[in-house]
Structure formats: structure tokens, C-alpha cells
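Working notes, structure below.
The values are calculated or read from the model by the stated rules, or taken from the named source; none is laboratory data. Predicted, not measured: the structure shown is a model, and the values here were computed from it. A quick note on method: Cβ atoms are made from the backbone with ideal geometry, for glycine too, and the neighbour counts reach across all protein chains shown. With ligands, DNA and RNA removed, areas are computed over all heavy atoms of the protein, side chains included. Shrake-Rupley method; radii C 1.70, N 1.55, O 1.52, S 1.80 Å.
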Amino acid sequence: MSKIVPITLAATLAALVVACGGGASTSNTSTQTLTPVLATGTITGFGSIFVNGVHFQTSSATIRKNGQTVSQSQLAVGEVARIKGSKNDTDGSGVADTIEVDESVVGPIAAIAATNDVVTVLGQTVKINSGTSFSKDIQPASIAGLQVGDVIRVSGLSDSSGTIAATRIELNGSSTSRLVFGTVSSLDTTAHTFKINALVVNYSSANLTGFTSGQPSNGDVVEAQGTAFDAATTTLTATQVAREESDQEAAGDHRDMEREGLITRFVAAMDFDVAGKPVTTTSSTVYHNGTAADLALNVKVEVEGTLDSSNVLVASVVTFHHNGGIELESQATAVDATAGTLTLLGVHVTVTSTTRFEDKSSAQIEMFSLANISVGDTINVHGYESPAGSGKLVATRIEREPASTTVIVHGLFTAGTSPDFTVFGITIDASSVTIKGPGGATLTLADFLAQAVGHSVEVEGTLSGAVVTASEIHLDGHNDNGDGN
């Protein structure tokens with residue numbers, strides 16, 4: 001299992017990191033004043049562990065995954081963790097006391113809707129986007145690398161409809177282990193069943209833990225596990241069902257909180273939910289990467305603040321997170337680890353404290369960072385343009401791939417002079433290429449150029465000077481705002 005580690009950057013990047021709501025310092029926290037905190041978010045690195053841009057030391061932490069005590073080596077980038085510990089607000093370092101990781105669903109793929117980038121597992125709808133990390137054994141690292149019947153492990157963030165926006169997907173071989181994490185609904189205490197989205201959970205013979213009344217209640221967030229799954233009735237016969245502690249139960253006196261997730265209920269800027277839990281803002285709330293006007297249903301945010309007496313998170317900082325709708329893959333032509341930048345295909349790329357790093361090359365460096373990248377390495381970058389119109393990319397994910405001369409460019413189409421067009425300022429030569437439209441239909445160059453405006457395209461080819469000579473072009477069937485959500 002590959003692991004990653006963001007690099008501690010120089011003062012210029014450190015300023016950017018602080019502006020984005022977190023840091024990646026490795027300072028000696030034992031000599032500093034730490035504030036108790038409960039942090040929930042996607043794991044972006046290891047050594048010890050990075051969540052929400054905070055570097056938590058884990059040497060004394062108890063780590064549990066799906067209710068079982070594990071070592072840190074059994075965690076992976078892209079999984080969602082809840083960390084109880086302490087944090088230094090000055091440099092973004094911290095100390096973890098406990099780390100809880102719960103995968104969203106584990107089971108066989110029942111259906112794949114490739115056009116919509118959706119798979120169905122145990123009655124759960126799983127959405128794949130540019131924020132999804134894949135284990136190395138899934139090739140290609142996209143929905144195209146999955147098949148119906150594959151048993152997969154999915155970590156992710158649920159939206160307002162219960163759809164899981166996958167942050168990591170791993171193959172689970174032929175294991176009969178089945179797991180689902182979600183909110184109880186349609187409880188039938190006579191039949192001893194409840195539903196999590198479209199899945200029926202039969203808990204009549206399950207070991208129940210964490211329930212004050214002795215059994216589940218509608219609205220409880222639970223993890224149900226078992227091995228017997230009836231696909232015809234979409235029913236899991238659970239062997240154990242555990243209730244997740246609420247934030248206030250888990251926090252105790254740790255009233256400072258950081259929560260990453262999707263906005264699952266929205267009334268106004270002073271009344272919304274993140275990951276099903278209430279949040280409010282005040283006139284003093286600081287916004288990064290957006291404004292209060294950008295708050296809306298299913299937007300991904302990180303909220304920092306404190307729980308009030310009603311257990312509502314009062315936000316001091318709201319940071320908008322982008323998955324990154326732009327993808328580039330080519331050989332790096334410049335790397336500056338101190339400044340936290342690299343260049344490929346002529347595009348300037350900046351790393352932040354929440355950039356995910358993963359080494360999929362033959363070196364398979366465990367604590368992989370920008371410092372391990374050399375000019376000539378084949379690098380895959382996902383990110384978003386910032387500032388708007390600058391032609392510069394802020395990286396959300398960086399992966400080193402096996403050496404290759406194949407170039408990938410994925411982003412919004414910009415019209416050019418036939419047979420050329422541009423994507424993110426990169427010139428594409430489409431004079432001799434197979435062009436596929438939505439659903440796999442073959443398009444002529446003229447049809448493609450007419451239909452592509454306002455849409456995202458993916459190009460594979462080779463680099464000839466500053467021009468990418470395309471060998472394959474795929475036109476997405478939907479508009480793309482560049483965020484990749």
C-alpha cells in the first residue's frame with residue numbers, strides 16, 4: 001500500500017499554507033502549547049499523519065480501522081479519519097491520541113454507469129471524480145479499471161442524497177467481508193431491520209455496540225458488517241452493528257473542531273450541515289478559496305471552529321476544497337522543492353499542505369514528497385487553476401508514474417484553428433486521431449470541434465516540441481466547471 005507525505009515548504013509556501021487553513025510543519029510539539037481538537041478529514045499523507053493540512057504525530061496514538069485496532073501501515077491516503085488529539089495553531093503541528101478510520105462501503109460492484117462515473121455497491125451509489133485516489137492494482141486508475149463483480153473498498157464523503165463521493169477505492173480480492181457505513185432509516189424493530197440508502201440490514205443476530213437503548217434508532221450513524229449478502233433483495237445479514245459516537249461524545253472537552261465534508265443541508269450561511277452535522281457562521285468567520293455566497297448544497301468545505309452549548313459548530317474559518325478538474329501527465333521539466341513548485345508541459349504547478357502525493361513508479365517510495373521528484377520523472381497531476389485566468393495549477397494530487405512518453409491532458413476545450421485546439425493553454429494537434437464522444441461514439445474532427453465548446457476533453461498523445469500530437473481524444477458528455485466535482 002503506497003503512502004505519501006507532503007513536504008515542509010519554505011516561508012513563501014508556508015504563508016500560502018496558513019492562508020489555506022493548515023500547515024505541514026514537523027516542529028517539536030512537546031515544547032509548544034497545544035489546544036485540544038477533534039479533526040475529521042481525508043488523509044493526505046503519512047510520517048506521522050496529515051489530515052486537513054495538520055501534521056499529527058502518532059507515536060502514542062491508538063489507531064482503529066472499521067472498529068479494529070491496526071497499525072498505521074494499514075491506513076492509506078484518501079481514507080477519511082477522525083483524529084482526537086491536540087494542535088498547535090501557530091505551525092499546524094499536532095499530536096494524535098486516537099485515530100478512527102471507517103470505510104464507507106466494502107462489497108462487490110453490482111452495476112457500473114461509466115457515463116456518469118458511478119458504481120453501485122451494497123445498495124450504495126458511489127460517485128468517482130477527480131478527487132478519487134485508486135490503489136495501484138486498479139488499472140487504469142479510473143472507473144475504466146473496475147468491473148462488475150469486483151470486490152472493492154470505498155472511502156468517501158456522503159452528499160445530501162446519500163451518494164458517496166469516493167476519496168479512495170481499493171480492490172479487495174475475493175474476500176467475503178461486507179461493510180457499510182451510514183445513517184439508519186426505515187427502522188423495523190419487529191423484523192429487526194433497517195435501511196442504509198437502498199441496502200436492507202438485518203440485525204436480528206448481530207452483536208450491537210454503542211446503542212444507549214440497546215438497539216438502533218432512526219438517524220443513528222452506524223457501521224454494519226457481515227458476510228451474508230443477498231443481492232436479489234439487497235439485504236445484508238449483519239454479524240455486528242456499531243453506532244458511531246457523535247462529535248460531542250467523541251470530543252468531550254475537546255471543543256475545538258475541524259470538519260471536512262460536503263454540505264448536506266443548506267438553509268443559509270448561518271444554518272447548514274456538513275457531513276450531516278450542524279454548522280453556523282458569524283460576522284467574524286473567515287473564508288478561504290471562496291465567500292459566504294459560495295456556500296451551497298453538496299459543496300466540499302473544511303470548517304474550523306468550536307462547538308457551542310447546543311453542539312453546533314460555530315465556524316471561525318471556512319475553506320472551500322476543490323477536487324481539481326484539470327489533469328496533466330508528462331515528464332517534469334523543472335522541480336523546486338524549496339518553493340513547492342514543479343513544471344510540466346509548460347505549466348507552473350504549486351503544491352499546498354493538502355496536496356496528496358503517491359509514488360506509483362518502480363521506486364515505490366513510502367514517504368514520497370516533492371523532494372523525491374526529479375526532472376524527467378513521469379508525473380500525473382490533478383489540480384485547479386488559481387488565480388483564475390493565470391494558466392497556473394494548484395495541485396490537489398501528484399503521482400509519480402512508471403516512465404512513459406505518453407502525455408495526458410484533461411480539461412476544458414478551447415477553440416483553435418483546425419486541426420489544432422487548446423486545453424489549459426496546451427496546443428493539441430488533432431490532425432490524425434480517433435475521437436470518441438459520449439457513450440463511445442466515433443466523431444469526425446468537424447463534429448468534435450463543433451460539439452466540444454464548453455465541455456471537458458481528455459487527450460492522450462506524444463509531445464512534439466510544445467505541441468501534443470493526439471492519438472486519442474475523448475469528449476465528456478457534460479459541462480465541466482474545472483473543479484472536478
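Here is how the numbers come out for the structure above:
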{"item": "Those residues of region 230-244 which are open to solvent by less than 50 Å² (accessible area, probe 1.4 Å) and touching a Pro at 6+ places or on another chain (Cβ under 8 Å), in sequence order", "result": "Val241"}
{"item": "Residues of region 98-121 that turn out to be in a loop (DSSP other than H, G, I, E, B) and closer than 16 Å to Ser175 by Cα, as a count", "result": "1"}
{"item": "Verdict on Thr120 being touching a helix residue (DSSP H, G or I) at 6+ places or on another chain (Cβ under 8 Å) and either basic (Lys, Arg) or without any contact (Cβ under 8 Å) to a residue 60 or more places away in the chain (or both)", "result": "no"}
{"item": "Region 122-149: number of residues that are part of a strand (DSSP E or B) and either at pLDDT below 95 or open to solvent by less than 20 Å² (accessible area, probe 1.4 Å) (or both)", "result": "4"}
{"item": "Residue count, region 264-278 (criterion: in a loop (DSSP other than H, G, I, E, B) and within 9 Å of Ala296 (Cα to Cα))", "result": "1"}
{"item": "Criterion (touching a residue at least 60 places away in the same chain (Cβ under 8 Å) and either out of contact with any Phe, Trp or Tyr (no Cβ under 7 Å at 6 or more places or on another chain) or of a type in the set (A, V, I, L, M, F, W, C) (or both)) met by exactly one of Val312, Val317, Val381", "result": "Val317"}
{"item": "Counted residues, region 279-290 - those being in contact with a strand residue (DSSP E or B) (Cβ under 9 Å, 6 or more places away or on another chain), modelled with pLDDT of 95 or more and in a loop (DSSP other than H, G, I, E, B)", "result": "4"}
{"item": "Scan of region 165-187 for residues that are open to solvent by less than 30 Å² (accessible area, probe 1.4 Å) and within 17 Å of Arg265 (Cβ to Cβ), ordered by number", "result": "Ala165, Gly182"}
{"item": "Any strands (runs of 3 or more DSSP E) falling wholly within region 349-418 and containing at least 2 residues that are acidic (Asp, Glu), touching a Lys or Arg at 6+ places or on another chain (Cβ under 9 Å) and over 30 Å from Ala430 (Cα atoms)", "result": "356-359"}
{"item": "Qualifying residues in region 245-266 (those that are at pLDDT 95 or above and under 30 Å from Asn202 (Cβ atoms)) - the one most open to solvent (accessible area, probe 1.4 Å)", "result": "Arg265"}
{"item": "Criterion: of a type outside the set (A, V, I, L, M, F, W, C) and surrounded by 15 or more Cβ atoms within 10 Å (Cβ to Cβ) - qualifying residue of Ser418, Ser386, Ser369, Ser374", "result": "Ser369"}
{"item": "Region 145-195 - residue that is among the aliphatic types (A, V, I, L, M) and within 22 Å of Gly210 (Cα to Cα) and, of those, farthest from the chain's Cα centre (by Cα)", "result": "Ala191"}
{"item": "Asn380, sole failed condition from (1) under 30 Å from Ala363 (Cβ atoms); (2) over 23 Å from the mean Cα position of the chain (by Cα); (3) of a type in the set (S, T, N, Q)", "result": "(2)"}
{"item": "In region 425-445, residue nearest to Leu475 (Cα to Cα) [restricted to those that are among the aliphatic types (A, V, I, L, M) and touching a residue at least 12 places away in the same chain (Cβ under 8 Å)]", "result": "Ile435"}
{"item": "Test: residue in region 318-330 that is under 22 Å from Ser86 (Cβ atoms) and open to solvent by less than 30 Å² (accessible area, probe 1.4 Å)", "result": "yes"}
{"item": "Boolean, His322 is of a type outside the set (S, T, N, Q) and over 22 Å from Ser135 (Cα atoms)", "result": "no"}
{"item": "Qualifying position, being touching a Ser or Thr at 6+ places or on another chain (Cβ under 9 Å) and crowded, with 20+ Cβ neighbours inside 10 Å, among Gly276, Gly305", "result": "Gly305"}
{"item": "Unmet criterion (only one of (1) open to solvent by 20 Å² or more (accessible area, probe 1.4 Å); (2) touching a strand residue (DSSP E or B) at 6+ places or on another chain (Cβ under 8 Å)) for Thr190", "result": "(2)"}
{"item": "First in region 141-161 and without any contact (Cβ under 8 Å) to a residue 40 or more places away in the chain, second anywhere and among the aliphatic types (A, V, I, L, M) and assigned to a loop (DSSP other than H, G, I, E, B), Cβ under 8 Å, 6 or more apart", "result": "Ser142/Ile128; Ile143/Ile128; Gly145/Ile138; Leu146/Ile138"}
{"item": "Flag if Val314 is more than 22 Å from the chain's Cα centre (by Cα), of a type in the set (Val, Ile, Thr) and modelled with pLDDT of 95 or more", "result": "yes"}
